[in-house]
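Read-outs: derived from the displayed coordinates by stated rules, not from any lab. Bear in mind that the values here come from a model prediction, so they are computed numbers and not experimental data. Backbone-built Cβ (ideal geometry, glycine too); neighbour counts: all protein chains shown.
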Number of protein chains: 2
Amino acid sequence: MTKHDPDLSLIFQALSDPTRRAMLAQLGRGAVPVSELARPTGLALPTVMRHLSVLEDAALIMTVKTGRTRMCSARPETLAATADWLADQRAQWEARTDRLEAYVATLMKETKA
Amino acid sequence: MTKHDPDLSLIFQALSDPTRRAMLAQLGRGAVPVSELARPTGLALPTVMRHLSVLEDAALIMTVKTGRTRMCSARPETLAATADWLADQRAQWEARTDRLEAYVATLMKETKA
């Protein structure tokens with residue numbers, strides 16, 4: 001577990017939807033009101049709010065309501081923790097020399113021998 | 001899209017399950033037979049096969065049947081493409097200075113003024 005102790009199941013579930021990934025990409029341009037996030041999706045507001053709720057539960061975004069406007073913002077620290085997990089996996093995988101290819105190659109050599 | 005053109009929805013869906021993440025971590029130790037992947041999960045073989053199928057559809061693993069043994073192996077290139085997507089998002093997010101904190105700070109200043 002990292003210091004941020006992210007809930008990877010919630011995070012990856014949130015990232016598994018293309019609409020939510022597009023919303024995250026849009027937040028790369030800065031904090032925006034919900035209405036602005038909703039516009040390019042063409043979705044009804046309740047649907048947009050459900051997507052935002054999934055992203056907020058996963059700590060990928062945060063929202064603050066000021067007056068009648070709800071502003072959304074990215075939480076880069078969660079993406080950082082997720083990237084750390086992926087990097088750990090990659091490091092382990094790539095350090096291995098006995099990949100399946102090597103295993104199959106050995107098998108084929110054995111079959112020929 | 002990257003050169004690998006990974007299906008991020010399938011990949012993140014596959015990664016959203018803790019059993020599947022544990023299987024991937026185990027594959028960091030190299031190619032292993034299905035039976036060995038199944039043992040620590042304590043799950044029935046059909047359930048294990050379903051998890052492996054989700055991982056294989058997402059191109060996170062590959063399996064090869066040799067005789068009566070099905071060997072599983074990680075596909076690091078898919079994890080690499082996924083990490084690239086995350087890195088792109090992070091770079092965009094972290095380049096922004098107008099985060100929600102800054103927005104809120106401005107709002108508070110305006111309220112005081």
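Grab the Cα-Cα distance for B:GLU36 and B:THR19, subtract it from 0.36 nm times how many residues apart they are, and report the gain in nm with one decimal. Show your work: numbers first, answer last.
On the way: separation 17, 0.36 × 17 = 6.12 nm, distance 1.38 nm.
Computed gain between B:GLU36 and B:THR19 is 4.7 nm.
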List the residues whose amide H sits under 5 Å from the amide H of B:LEU60, counting only those 5 or more places along or on another chain, with H placed 1.01 Å from N in the peptide plane.
none
Label position 7 Å from Cα toward Cβ: report the copy-to-copy distances for A:GLU77 in nm, one decimal, ordered from shortest.
3.8
Neighbour net charge for A:ASP17 - beta-carbon separation under 15 angstrom, K R +1, D E -1
0
Loop trypsin sites (Lys or Arg not before Pro), region B:1-54, which have at most 15 other Cβ atoms in a 10 Å radius of their Cβ (DSSP):
B:LYS3, B:ARG29
Residue by residue through region B:59-74, what is 3J(HN,Hα) from phi via Karplus (6.51 cos²θ - 1.76 cosθ + 1.60, θ = phi - 60°)? Round to whole Hz and write x for glycine and proline.
6, 7, 9, 10, 10, 9, 9, 10, x, 9, 10, 9, 8, 10, 9, 6
